[in-house]
Number of protein chains: 4
Amino acid sequence: MIIVMERWATEGQIADVVARLGEGGARVQRLDGERVTLAITGSLNGVASPGESMGPDAVSGMAGVASVLRDMGATPQVAVADAREGEVHAGDGGEPFSEAPGAGAVAPAPEAEPGFQVGDRWIGGRELFVVAGPCSVEDPETMDRIAREVAAAGAGGLRAGAFKPRSSPHSFQGMGEEGLAVARSAADAHGLLLVSEVLDATQIPLAARYVDVLQVGSRNMYNTSLLRELGRARRPVLLKRGLSATMDEWLSAAEYVVSAGNPRVILCERGIRTFETATRNTLDLNALPVIRERSRLPVLVDPSHGTGRRSYVRAMARAAVACGADGLLLEVHVDPDRALSDGAQTIDPAGLRQVLREAEAIRGALLGVEE
Amino acid sequence: MIIVMERWATEGQIADVVARLGEGGARVQRLDGERVTLAITGSLNGVASPGESMGPDAVSGMAGVASVLRDMGATPQVAVADAREGEVHAGDGGEPFSEAPGAGAVAPAPEAEPGFQVGDRWIGGRELFVVAGPCSVEDPETMDRIAREVAAAGAGGLRAGAFKPRSSPHSFQGMGEEGLAVARSAADAHGLLLVSEVLDATQIPLAARYVDVLQVGSRNMYNTSLLRELGRARRPVLLKRGLSATMDEWLSAAEYVVSAGNPRVILCERGIRTFETATRNTLDLNALPVIRERSRLPVLVDPSHGTGRRSYVRAMARAAVACGADGLLLEVHVDPDRALSDGAQTIDPAGLRQVLREAEAIRGALLGVEE
Amino acid sequence: MIIVMERWATEGQIADVVARLGEGGARVQRLDGERVTLAITGSLNGVASPGESMGPDAVSGMAGVASVLRDMGATPQVAVADAREGEVHAGDGGEPFSEAPGAGAVAPAPEAEPGFQVGDRWIGGRELFVVAGPCSVEDPETMDRIAREVAAAGAGGLRAGAFKPRSSPHSFQGMGEEGLAVARSAADAHGLLLVSEVLDATQIPLAARYVDVLQVGSRNMYNTSLLRELGRARRPVLLKRGLSATMDEWLSAAEYVVSAGNPRVILCERGIRTFETATRNTLDLNALPVIRERSRLPVLVDPSHGTGRRSYVRAMARAAVACGADGLLLEVHVDPDRALSDGAQTIDPAGLRQVLREAEAIRGALLGVEE
Amino acid sequence: MIIVMERWATEGQIADVVARLGEGGARVQRLDGERVTLAITGSLNGVASPGESMGPDAVSGMAGVASVLRDMGATPQVAVADAREGEVHAGDGGEPFSEAPGAGAVAPAPEAEPGFQVGDRWIGGRELFVVAGPCSVEDPETMDRIAREVAAAGAGGLRAGAFKPRSSPHSFQGMGEEGLAVARSAADAHGLLLVSEVLDATQIPLAARYVDVLQVGSRNMYNTSLLRELGRARRPVLLKRGLSATMDEWLSAAEYVVSAGNPRVILCERGIRTFETATRNTLDLNALPVIRERSRLPVLVDPSHGTGRRSYVRAMARAAVACGADGLLLEVHVDPDRALSDGAQTIDPAGLRQVLREAEAIRGALLGVEE
């Protein structure tokens, strides 16, 4: 169990928490940094210590406690990552891949809100962060039409692939740098952040010149060479879950990025591989409450890949927001049946507007109940 | 593709739909019953016919059309089952298992509302149907305390197992008839319907004396002998999805019950078996939009078994309602840590009230958006 | 860890084993019965005791030791079941379902050979036990032609389904009792044991009049009502693994039968459900070494259902025998493309002869190496 | 369906095959290269043509026919790859990564034998190719002791990892170049080929200085950047199946390497991820007959990773050879319990000798039956 104290927690408050933990017989390890973190020895290496038996509830309501994490297992930095301070550390030294197109200075955040800033957006806080766009970059005119619709619907990011990971070497592999430039123009024209995928470490410097958030696709989640290099990048990373990755492995992949110096990791659930064939993948929304217990990183959900069928996107987007997603990743095209790839799971602008309307309604209803 | 016409559809409206389908080159088969059903030939045996290419949207908005089903595959009766009329047919002849404890006459329903009546509840319509209670029947005092809390929270049904399907013959196998009597008393005392599981066909007459809804557990979903016999029962059936059943197989199991004469089947998603171990099962909410396309049967969701962890129930219950569940099945106990079985996934009465409050808020928000 | 001593083990040999175990610090529990069984305390409830660390090798070669089982977990009777003595217990009392068509008295077995006798065959010993035949019972002439080929190829059993578990209620459900009679005649005419499936407990008395080995199909493996009743039958049971059953659950299903009084259970691996679609199921041969560690029950392999494709049966039959299967279950038809069901995975008589020739060659080669 | 003719096939033989195919109504496409390849139009894009109905048997025995492939789907080059000629093409031009430590000139092979040469070994032919060694490179003395045992047992290759793909960034990541040098020395001292893994494209030139066969691990199977670069390497590639990769995806990964110019790909089945937990992975031997139908590439099996348990390796190695594996990949250590990683699945030299003895016995028995 890990207890993260607020930055403003007093020594008296810290001592109270340590004392409470001591009642259960736990040995408490104190880690001083920008925030004080208290770790119950034993949980660090996966073995429960006596103090575990009291459970998070025993201290989660005490003064000065920011959050309590049940088990940080093999991903201690992911468990306590606080991206608001992280940017500073990442920038120390050589400033690799530094020309951030849309990412301005990180503004001080309201203390109570988790998450971090990218450009003029806050990800992982009260507002949903919706990223929408075509599977692959299209011609400039089509990209502009799509970006206009995406912005009009209220989304904050544009997605479009320039490097495509394909099962077959004989399939279309994407437009490369030309595609990145086209997508950047479309994003800029409509005030959107740009999210796009990199397939290996050599593409990072190039992609970082155009892209606000670097995406790691499902097939690369175990690519530790790529993950480590992204830990040196000054760009947030959107890390998709591997198609048969356990949640532990997914968090370990995030740990590669965070422990290499980049705390701005956004997780994205996109469906796992199961025996079921009615859906292309099995969107595993259970990941939302599980990840919440183990990490403070923002989590998006991609119901387009998660289901593989246009007609299921709306229902699953609603469910994602209801169980706590910080946002959505959606395949959207002005003419889905003419998309260069993945048309079967792509919705149109009217569909996007409906999804966002319902998502906001659910978000609002839940905030109303909680207050 | 199957087009089910409203009962009040005129011959002119039917002719209009047939003509519209004809434009796409489809051959249309007309089935006259209490409702007229139009089937596009070809989809009946799994091969798309020319008319398929136009898609459901082409006719779903036409006057007199009640619903359009994309593909009825191997489960034609499940696809078009309309339980409101079904009860009449089920009652023809010998009235097997007839002493319904709580199930009164089936009242005429508002035409626009799907689903069917059980006792004084309407299942599958505008109201959520929530069934809550302990995994196994407990002593009378505890059952009464639980039923009181369940009713006070606003749930409509009490669940409690008297016959338990256990992996090991050395585990507790349930209280049998004594348990049914205890649960019946608790349900009656607090105005709740009683839902309980039967393990084989020989238990049906006994269980039907005490129980309002007969449950088929996950491990028995393929038990066709049991399913066929339940088709002769005058009780609704709650049919849980098998732990590695495809949605097609699940609907086929329902088809066994419906085609044997009992149209009142309630489906219940309860998690499938995957490689993931962070959750006991992987609750597969994708089933909601998929089943909606293929069947008119009500669908409940069981986040207790679906996740196996108390702390994940609340989030997944919200998600279930958001993507269209007609209700929830929840393990609830006044003292979860002392439950006879499955305590790890059982919530307490305060948790139940919170789940229901949030479920209603989401339901309300979505109705607001749709109108 | 469980050490089963030979029936003829002397007190001195038992004392030696206890002493050897004691060197590792283990506390040893002695259970006296027809055989002496030594259990290392701790493994009984799943927690390793100090003695566990020495491993089975430390005692498996000592004089008087019959077998060493690593962990008997939740299936103690399956772990130590010895069907040679078992028949006696099963016969105590009412002799349910007693008119065994082919099953004579159980002859005394050579002490060193595991397994048990059915009719004039020994199952689970040195000889492979091969059961072959059509998926469903066919007309009498076809059944006779198939049985003739099966016997000529050297197989010992005929398989043919009279009660078929089908996904859809609209599919062919089998010929019922008429089919059993046809299959019995064919088996008798060619000196074969008859293996056929029962779907529920009510079918057992009828099936027991015709069938030598009662089969529990994959979809019924969790059907505890059926399993318990089979524990009262005086027929061996062929228990197929459920399509997504863990090996622990499979052994627990066997435990239902054995602990209810019937020790003659034959396990049958027939493929599990995974994401792979190149094969109908994923034949899981890993089950062979795993089950060998946990149980003394014979294990057959069904490569027909396990792969679902005729052209893969031969290779997987060879593999099954190589990793220790006690026999094979094969779908065979004189004209596979005209079989009433499952033709795609059915081989012809020439294929059967080739499979048996190769199986015997592998069995012989391995006996040669071991000696 | 693809028919590959022998290099020495006459025009008359080719015409006979075309005529035979024509009887079934098929349109036949002829591709002239070093060998003539006949493709039945239609199967090229996955749609069966009339000629398909006759099946491979119709022509496989005709004079001049080298092999018949049922369906080459999306991997045409993998389907017809013939590595014996391939080396020549790969060497054209820039000779990337050329200092092959052990790989001499490719000797002319007996026409009837499939596979290809690496150093002084022939892989994929009549002899089994066994690669054994520790998971990670150890100190020089231990590596030498292990290599001596591996060679003495009769294996042809040494495996040892210098770059380790680990789930957690906090785990041991391997010894890097120093490890490669240690392993090379041990292999040279005992006349073994060296097989070792690369994690990304940047490691290829370095690894190619030390290693005879470059391994792609399970987690990198979808890493198309790495696969493409390996297509330019003058080293054979051992391509492990991804942990949840379908066989189609696995062959597509091979297609990336082969179509980029390197035909010497060795496939390696190492277990897939399923729900079963009794084994670490589910070794999927069904891959052997499936791959045989679709490709001529050699296939090894890794029962160490496939089961994750030392005590299951022997049985599964036997099964692998029985169903057609061209060799084995085995984790072996002189002191398995002190191995730096994966000790639980590592066997000792005595175990290796036993595995090889049994493997040869099975191989011999099957050759005896076939002749």
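Give the C-D buried accessible area in Å², both sides summed, 1.4 Å probe, nearest 100.
Approximately 3300 Å² gets buried when C meets D.
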**Request:** Shortest first and in nm with one decimal, please list how far the B:A19 label point sits from its counterparts in the other copies (point 7 Å along Cα→Cβ).
**Result:** 6.1, 8.6, 10.2
**Item:** Which of A:M62, D:M316 is most accessible, then next, and so on - probe 1.4 Å
**Value:** A:M62, D:M316
**Prompt:** Order of C:273-281, B:346-354 by packing, highest average Cβ count within 10 Å first?
**Reply:** C:273-281, B:346-354
**Prompt:** How many percent of DSSP beta bridges within the range C:234-371 run antiparallel, rounded to 5?
**Reply:** 10 percent
**Request:** Determine which residues of the range A:125-167 fall in the zone a paramagnetic label at A:A350 would reach in this model, i.e. backbone nitrogen under 20 Å from the point 7 Å along Cα→Cβ.
**Result:** A:133-134, A:145-155
**Request:** Could you check the simple spin-label distance between D:S60 and A:E23, using points 7 Å along Cα→Cβ, in nm with one decimal?
**Result:** 7.5 nm
**Item:** Amide N of the range D:283-320 lying under 14 Å from the label point, which is placed 7 angstrom from the Cα of D:S67 along Cα→Cβ
**Value:** D:288-300
**Asked** Shielding of C:358-365 by partners, i.e. mean partner chain Cβ atoms within 10 Å per residue?
**Response** 5
**Message:** Rounded, prolate or oblate, given the Cα gyration tensor of the range C:154-235, with a/c below 1.5 counting as rounded?
**Reply:** oblate
**Request:** Pull out the extension gain between B:S185 and B:E6, defined as 0.36 nm times the separation in residues minus the alpha carbon to alpha carbon distance; nm, one decimal.
**Result:** 60.4 nm
**Fill in**
Taking R0 as 35 Å and r as the Cβ-Cβ distance between C:R209 and C:A152, the FRET efficiency 1/(1 + (r/R0)^6), rounded to the nearest 0.05, comes to 0.80
**Prompt:** What is the mean number of Cβ atoms from other protein chains located within 10 Å of the Cβ atom of each residue in peptide B:212-224, rounded to a whole number?
**Reply:** 4
**Asked** Hey, got the average number of other protein chain Cβ atoms within 10 angstrom for residues in B:197-205?
**Response** 3
**Message:** Suppose all protein chains stay in the model; what accessible area per residue would a 1.4 Å probe give for the range A:223-371, in Å²?
**Reply:** 24 Å²
**Message:** Cross-link candidates for B:K164: which lysines have Cα within less than 30 Å, leaving aside residues fewer than 8 places away along the same chain?
**Reply:** B:K240, C:K164, C:K240
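The values are calculated or read from the model by the stated rules, or taken from the named source; none is laboratory data. It should be emphasised that the depicted structure is a prediction, and the values quoted were computed from it without experimental measurement. Virtual Cβ from ideal backbone geometry, glycine too; neighbours counted across all protein chains shown. Side chains included, ligands, DNA and RNA excluded: accessible areas come from the protein's heavy atoms. Shrake-Rupley method; radii C 1.70, N 1.55, O 1.52, S 1.80 Å.
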